[in-house]
Ligand code: HEM
């Protein structure tokens, strides 16, 4: 009897899901937008939802079915989404008509957890006011003031590499780089020495970092569930981040604020800037100013919770993206010794010019090294897709009218691997981004840090720590693939950002004459 009831219930549930999705799946048909036939519940993203592919790869395959269509319809699970693959239309979405696309998906739920009440999730007027007030934290003059903290981390990084490589010449690169970038962001963001380079066992920062970004099937599934069906997700009492993370940052930051008497110091870290902001409530202008002469004033109340959410965001966004980008860059340099040789020349010349003193000017003087990073971000950009959401009805120049709150996806992998924009797209060629050749890159086809007003706010910081980190490695070591390391690796579908699987292991070999390139302290 129970078995029969259960079977009937399951059958009814499955049938209702089928009917519901059938109705949902007529959206693009009615709008006459090209799309692939969707599957019940999974739409066109079965491989992504079942953790078999990353979002970037899954989206790229959808685009590949319509290479010449500027706009492609898709079903993200049961929800319609629009993929914009034409650079001119991407310009409209990210920049020119930003007023209509200020949100970044499921905006309605951006306040449902205290820890995500941050710049990344905010939208509309609140986002604008936050961005206006937080942008100065990342200005080049602020970065310059912060550079001594990064330099200090590089000294520790130099020592850590010496120590670790005494034990084995082969390292898991992402873990190594993450210890460096976590210390940089910890020091610059919280005024804290995380000691991730001295102490890995029982290191609370490492534990929290892993909880936020390390690849995990549960975290990935929760993230997918929340992005596709946010109302059900929060309705069932789920949260993206466990309370332990919230409590950790709360305690950490309250201690730091108290130790500074809630007054800015001369340390020039993010906390100082935040404490300066805290003195007055945050005031900015609203988005309406983009559309009319009326510029509404927006006030955002600043309390500890606000500060904690922003600092936790900078921590989460700040270390993993950079350490993974460094990992991919070293991987490609190991595979291409001739490119690595050119990078050595630039690093050595820089150190000779500056008497081995690592200074902020390195961010402007390492054009080839920058190109090596840019090319690795083309091949392995941290985000496979950029997300936007329409805040009002919007009409594309073709006449296609989209509804409010429609998901809009910008397919980074599709663009970065498009042979029309990047000939021989699978080839690692930093020269694409070097000197005059850089001018050949068509606008809105290369966006590893995003585009338009919502472009990554931490880009300068990321570049600063990555350049300093690469100089620290390459001045002493040549990297080679470890004996068992393959030349091609996949992307881990359990990770929020593009992570290699299996992990990248490289051999670090001391370069001749390294003794003459030890940092001047
Ligand atoms: C290699 C390193 C990094 C990469 C590849 C990267 C990439 C990105 C991308 C693709 C976006 C979305 C942009 C868009 O939607 O148009 C973004 C946003 C953001 N990133 Fe980064 N990021 C990096 C480092 C950092 C660092 C170091 C920080 C902070 C210290 C940071 C903080 C943020 C924040 C707060 C946003 C949201 C900005 C907004 O919505 O206004 N990122 N990043």
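Quick notes
- The range 236-281 - residue that is touching a helix residue (DSSP H, G or I) at 6+ places or on another chain (Cβ under 7 Å) and at positive phi and, of those, modelled with the lowest pLDDT: 268
- Evaluation of residue 72 against (1) buried (at least 23 other Cβ atoms within 10 Å of the Cβ); (2) in contact (Cβ under 8 Å) with a residue 60 or more places away in the chain; (3) over 21 Å from the mean Cα position of the chain (by Cα); (4) more than 22 Å from residue 233 (Cα to Cα) (one fails), failing number: (2)
- Restricting the search to helices (runs of 4 or more DSSP H) fully inside the range 252-361 and requiring at least 1 residues that are surrounded by 15 or more Cβ atoms within 10 Å (Cβ to Cβ), in contact (Cβ under 8 Å) with a residue 24 or more places away in the chain and within 16 Å of the ligand (Cβ to nearest atom) gives 270-279, 304-335.
Residue by residue, here is whether (1) assigned to a loop (DSSP other than H, G, I, E, B); (2) buried (at least 16 other Cβ atoms within 10 Å of the Cβ); (3) in contact with a strand residue (DSSP E or B) (Cβ under 7 Å, 6 or more places away or on another chain); (4) at pLDDT 95 or above holds:
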site	(1), (2), (3), (4)
5	no, no, no, no
15	no, no, no, no
23	no, no, no, no
28	no, yes, yes, yes
33	yes, yes, yes, yes
53	yes, yes, no, yes
63	no, yes, yes, yes
82	no, yes, yes, yes
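- Residue tally, condition outside any loop (DSSP other than H, G, I, E, B) and more than 6 Å from the ligand (Cβ to nearest atom), over the range 438-455: 5
- Residues of the range 386-397 classified as touching a strand residue (DSSP E or B) at 6+ places or on another chain (Cβ under 6 Å) and either part of a strand (DSSP E or B) or buried (at least 24 other Cβ atoms within 10 Å of the Cβ) (or both), total: 5
- Pick from the range 404-420, criterion free of Cβ contacts under 8 Å to residues at least 60 places away in the same chain and buried (at least 18 other Cβ atoms within 10 Å of the Cβ), ranking: farthest from residue 380 (Cα to Cα): 418
- Comparison of 212, 204 shows that the only residue that is touching a residue at least 12 places away in the same chain (Cβ under 8 Å), surrounded by fewer than 17 Cβ atoms within 10 Å (Cβ to Cβ) and in contact with a helix residue (DSSP H, G or I) (Cβ under 8 Å, 6 or more places away or on another chain) is 204.
- Positions within the range 84-105 being part of a loop (DSSP other than H, G, I, E, B) and touching a residue at least 24 places away in the same chain (Cβ under 8 Å), in sequence order: 85, 97, 102, 104, 105
- Subset of the range 456-481 that is within 30 Å of residue 338 (Cβ to Cβ) and in a loop (DSSP other than H, G, I, E, B) - its residue that is nearest to the ligand (Cβ to nearest atom): 475
- Residue in the range 372-379 that is in contact with a strand residue (DSSP E or B) (Cβ under 6 Å, 6 or more places away or on another chain) and away from the ligand (no atom under 13 Å from the Cβ) present: no
- Options 148, 136; residue that is away from the ligand (no atom under 11 Å from the Cβ), modelled with pLDDT of 90 or more and outside any loop (DSSP other than H, G, I, E, B): 148
For (1) surrounded by fewer than 21 Cβ atoms within 10 Å (Cβ to Cβ); (2) at pLDDT 95 or above, each residue gets a yes or a no:
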residue	(1), (2)
441	yes, yes
446	no, yes
449	yes, yes
475	no, yes
498	no, no
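- Filter result for the condition that a residue is more than 13 Å from the ligand (Cβ to nearest atom), under 26 Å from residue 99 (Cβ atoms) and either within 17 Å of the chain's Cα centre (by Cα) or surrounded by fewer than 17 Cβ atoms within 10 Å (Cβ to Cβ) (or both), over 427, 401: 401
- Residue 161 being modelled with pLDDT of 90 or more, closer than 19 Å to residue 330 by Cα, in contact with a strand residue (DSSP E or B) (Cβ under 9 Å, 6 or more places away or on another chain) and assigned to a helix (DSSP H, G or I): yes
The values are calculated or read from the model by the stated rules, or taken from the named source; none is laboratory data. All values reported here derive from a predicted model rather than from experimental measurement. Here the Cβ is made from the backbone with ideal geometry for all residues, glycine too, and neighbour counts use every protein chain on show.
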